[in-house]
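Novice: First the structure, then my questions, so here it is.
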Amino acid sequence: MLTFDSPVNAATQTKRRLVELPFTERRDGTPVRAFHASASTTVREGAVVSDIADSHGSRVLTFHRAAADTELAAVTLSARVRVETDGAANLDGYGWPAPPTEPVHTFSGSGHELIFQAAADLADQHVPLDRALLLLWGATLQGGTPTQGERLRIAELAAARTGEINAYLGQTDTYALMSEGEGWYGACLYRSALENLFEIYLGSLTFTLLDAEDIDDTDEELRTNLSGVRGAGTAVPEGVPVSHWWWEMATNG
């Protein structure tokens, strides 16, 4: 059976990476239970992409699984499992592939469909903000252009969730601080999802919801921590606007 090597490790992994799971897989009981259940599904249904033996006789296996959040978007999840010589299987890490070598998120809907679903998510307080922002980002990558009515509607809905937008910026900071190692993808994704919201939907309203200095501080963290990362360019999604400089910095150092 898949286990954590300690309750502290279980709580730490869950706190850091539960947000990387599809919203539909975060709701199974307590956060730790949901995290473990999702990881177990990935080990059970996923494909082994790596099997490495260490000097102590243990093996570290990595499993990947494509998980759908909605019919319009899917995410690749990666479970790293350490199998000890006595057969115990401990979950070493779970969430997005770290570091990724291929696009982590894929979108199957049209730009219009993604925008429509994002607006519905923003209107539903039970759906976390990160899924709506991900769908809006996917719409831009798919070449979708919102109508004026859609822009105004999404701006209105987003303004009602200002606290969550600030928390999302805080999570961007967390990934930025981790980006020297495995967190570069999260840092770039979160920053792009925010910039997409700012540029296309909120405009000047942005600075009534967020402190400009907080955004500048995040960007400074990105400049400091992404420099020299040299992440895989193959993990950068197609269609990223040139103005989103953090992707270029993360993959070209």
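The values are calculated or read from the model by the stated rules, or taken from the named source; none is laboratory data. Keep in mind that what you see is a predicted model, and the values were worked out from it rather than measured. We place every Cβ from the backbone using ideal geometry, glycine too, and count neighbours over all the protein chains shown. Please note that ligands, DNA and RNA were not included when accessible areas were found on the heavy atoms of the full protein model with its side chains. Shrake-Rupley method; radii C 1.70, N 1.55, O 1.52, S 1.80 Å.
Novice: Is the stretch 143-156 home to any residue that is in contact (Cβ under 8 Å) with a residue 12 or more places away in the chain, under 21 Å from residue 20 (Cα atoms), part of a helix (DSSP H, G or I) and open to solvent by less than 20 Å² (accessible area, probe 1.4 Å)?
Specialist: no
Novice: Follow-up. Among what's in the stretch 112-134 and is in contact (Cβ under 8 Å) with a residue 60 or more places away in the chain and in a loop (DSSP other than H, G, I, E, B), pick the residue that is farthest from the chain's Cα centre (by Cα). If you could, list the steps in order and put the result at the bottom.
Specialist: Step one: filter the stretch 112-134 for residues in contact (Cβ under 8 Å) with a residue 60 or more places away in the chain, giving 127-128, 130-131, 133-134.
In the following step, the residues that additionally are in a loop (DSSP other than H, G, I, E, B) were identified as 127-128.
Details: 127: 15, 128: 12 Å.
The extreme case among them is 127.
Novice: Moving on to the next point. Scan the stretch 240-251 for residues that are open to solvent by 30 Å² or more (accessible area, probe 1.4 Å) and either closer than 15 Å to residue 143 by Cβ or not in a helix (DSSP H, G or I) (or both) and jot them down. Talk me through it step by step, then tell me what you get.
Specialist: Pass one, the stretch 240-251, residues open to solvent by 30 Å² or more (accessible area, probe 1.4 Å): 240-243, 245, 248-249.
Once the filter is applied, which keeps residues that are open to solvent by 30 Å² or more (accessible area, probe 1.4 Å) and either closer than 15 Å to residue 143 by Cβ or not in a helix (DSSP H, G or I) (or both), the stretch 240-251 yields 240, 241, 242, 243.
Novice: Hey, among the residues in the stretch 225-239 that are in a helix (DSSP H, G or I) and touching a residue at least 60 places away in the same chain (Cβ under 8 Å), which one's surrounded by the most Cβ atoms within 10 Å (Cβ to Cβ)? Talk me through it step by step, then tell me what you get.
Specialist: Step one: list which residues in the stretch 225-239 are in a helix (DSSP H, G or I), which gives 225-226, 233-235.
Subset that is touching a residue at least 60 places away in the same chain (Cβ under 8 Å): 234-235.
Working: 234: 10, 235: 20.
Out of the qualifying residues, it is 235.
Novice: Any idea which of 84, 102 is surrounded by fewer than 18 Cβ atoms within 10 Å (Cβ to Cβ) and within 19 Å of the chain's Cα centre (by Cα)?
Specialist: On the way: 84 fails: within 19 Å of the chain's Cα centre (by Cα).
Answer to the selection: 102.
Novice: Among (1) in contact with a Ser or Thr (Cβ under 9 Å, 6 or more places away or on another chain); (2) more than 24 Å from residue 24 (Cα to Cα), there is one condition residue 135 misses while meeting the rest; what is its number?
Specialist: (2)
Novice: Of these, 53, 11, 68, 79, which one is open to solvent by 40 Å² or more (accessible area, probe 1.4 Å), aliphatic (A, V, I, L, M), touching a strand residue (DSSP E or B) at 6+ places or on another chain (Cβ under 8 Å) and more than 30 Å from residue 112 (Cα to Cα)?
Specialist: Numbers: 11 fails: touching a strand residue (DSSP E or B) at 6+ places or on another chain (Cβ under 8 Å); 68 fails: more than 30 Å from residue 112 (Cα to Cα); 79 fails: open to solvent by 40 Å² or more (accessible area, probe 1.4 Å).
Residue meeting the stated conditions: 53.
Novice: Report yes if residue 166 is in a strand (DSSP E or B), in contact with a helix residue (DSSP H, G or I) (Cβ under 9 Å, 6 or more places away or on another chain) and surrounded by fewer than 22 Cβ atoms within 10 Å (Cβ to Cβ), otherwise no.
Specialist: No, not satisfied.
Novice: What is the one condition in (1) closer than 27 Å to residue 106 by Cα; (2) outside any helix (DSSP H, G or I); (3) of a type outside the set (Asp, Glu) that residue 55 does not satisfy?
Specialist: (1)
Novice: Same structure again: Restricting to the stretch 13-33, give me the number of residues that are over 15 Å from the mean Cα position of the chain (by Cα) and closer than 15 Å to residue 131 by Cβ. Before you say what the answer is, go through the steps one by one.
Specialist: First pass over the stretch 13-33, keeping only residues over 15 Å from the mean Cα position of the chain (by Cα): 27-33.
Those left that are additionally closer than 15 Å to residue 131 by Cβ: 27.
Count: 1.
Novice: Condition test on residue 177, is it under 26 Å from residue 219 (Cα atoms) and crowded, with 19+ Cβ neighbours inside 10 Å?
Specialist: Values: under 26 Å from residue 219 (Cα atoms): yes; crowded, with 19+ Cβ neighbours inside 10 Å: no.
So residue 177 does not fit the description; no.
Novice: Being surrounded by 15 or more Cβ atoms within 10 Å (Cβ to Cβ) and farther than 28 Å from residue 164 by Cβ is the filter here, so list the residues in the stretch 14-50 that pass it.
Specialist: 40, 43, 46
Novice: In the stretch 50-69, what count of residues is obtained for those that are of a type in the set (Asp, Glu) and within 22 Å of residue 23 (Cα to Cα)?
Specialist: So in the stretch 50-69, the residues of a type in the set (Asp, Glu) come out as 51, 54, 69.
The next check asks that each one be within 22 Å of residue 23 (Cα to Cα); those that pass are 69.
Residues that pass the stated criteria total 1.
Novice: Going through the stretch 15-31 one residue at a time, which ones are assigned to a helix (DSSP H, G or I) and touching a Lys or Arg at 6+ places or on another chain (Cβ under 9 Å)?
Specialist: Taking the stretch 15-31 as the starting set, the residues that turn out to be assigned to a helix (DSSP H, G or I) are 15-20, 23-25, 31.
Selection gives 18, 19, 23, 31.
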